[in-house]
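Since the structure comes first, as structure tokens, the remarks are kept for the end.
The values are calculated or read from the model by the stated rules, or taken from the named source; none is laboratory data. The structure presented is a predicted model; accordingly, all values stated were derived computationally and were not measured. Note: ideal-geometry Cβ built from the backbone for every residue, glycine included; neighbour counts use all protein chains shown. Surface areas here come from the heavy atoms of the whole protein model, side chains and all, with no ligands, DNA or RNA. Shrake-Rupley method; radii C 1.70, N 1.55, O 1.52, S 1.80 Å.
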Amino acid sequence: MAYWLVKSEPDAWSWDEQVKAGAKGTPWTGVRNHAAKLNLMKMKKGERAFFYHSGEDKAIVGIVEVIRTAYPDPTAADGDWSMVDVIAVEALPKPVTLADIRANEMLSQMVLVKNSRLSVQSVTDAEWKL
């Protein structure tokens, strides 16, 4: 099983909104970066992702699960873009900030540290467990 990290500006789509969506889940729309799109296309049903608040928060705040694999994103005006559907699984007891991640030597190679702008990224098994 692969693990992921998906990023959202909390004023555009927040963890609280994801939780309120309930068991029906929500589409993860609006990805307009080819590397992030390729990651969306690799996601499998049942895989999990960290839900990361970008912007001022810069913290992992929860865990979501993929409930529908990649399909065309109807919010795209042009181009071939994809989305997946996710549901909230659980909030983290304490948000894990980008500063916390950068301060941990064991997470120094994490995509979030190396390419913090990528909106959908892979997470290794070791990073997930930590």
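Spin-label pair T29-S122: with each label point 7 Å from Cα along the Cα-Cβ axis, the two points sit 2.9 nm from one another. Normalised by the number of residues in the chain, the average gap of Cα pairs under 8 Å and 6 or more apart makes the relative contact order 32 percent.
Using packing as a proxy for protection, rank 4-17, 65-78 so that the peptide with the highest average count of other Cβ atoms within 10 Å comes first.
Values: 4-17: 17.2, 65-78: 13.9.
Taking the mean over residues of other Cβ atoms within 10 Å, the ranking is 4-17, 65-78.
Can you flag which of K37/K129; K20/K44; K44/K129; K58/K94; K58/K114 are past 21 Å Cα-Cα? Can you show the working numbers first?
Values: K37/K129 25 Å; K20/K44 23 Å; K44/K129 19 Å; K58/K94 13 Å; K58/K114 15 Å.
Violating the 21 Å Cα-Cα cut-off are K37/K129; K20/K44.
Residues whose amide H comes within less than 5 Å of that of D73, counting only those at least five positions distant or on another chain, are W81, S82, M83 (H built at 1.01 Å from N in the peptide plane).
At 0.36 nm per residue, minus the direct Cα-Cα distance, what do V19 and A77 gain on full extension? Give it in nm, one decimal, please. Don't skip to the answer; put the middle values down first.
On the way: separation 58, 0.36 × 58 = 20.88 nm, distance 2.79 nm.
Computed gain between V19 and A77 is 18.1 nm.
Using unit Cβ charges (K, R positive; D, E negative) and no other charged atoms, how large, in debye to the nearest 20, is the dipole of the chain about its Cα centre?
On the way: 16 positive and 17 negative charges, 63 e Å.
Dipole about the Cα centre, nearest 20: 300 debye.
What does the convex hull of the Cα atoms come to per residue for the range 20-130, in Å³? Convex hull of Cα atoms, per residue: 114 Å³. Roughly speaking, what is the centre-to-centre gap between the range 54-96 and the range 1-51 when only Cα atoms are used, to the nearest Å? Comparing the Cα centres of the range 54-96 and the range 1-51, I get a distance of 1 Å.
Using a Förster distance of 30 angstrom, determine the FRET efficiency expected from the C-beta separation of E105 and E9, and round it to 0.05. Please report the intermediate quantities before stating the final value.
On the way: r = 29 Å, r/R0 = 0.96.
The computed FRET efficiency comes out at 0.55.
Taken per residue, the accessible surface of the range 1-62 reaches 53 Å², heavy atoms only and a 1.4 Å probe.
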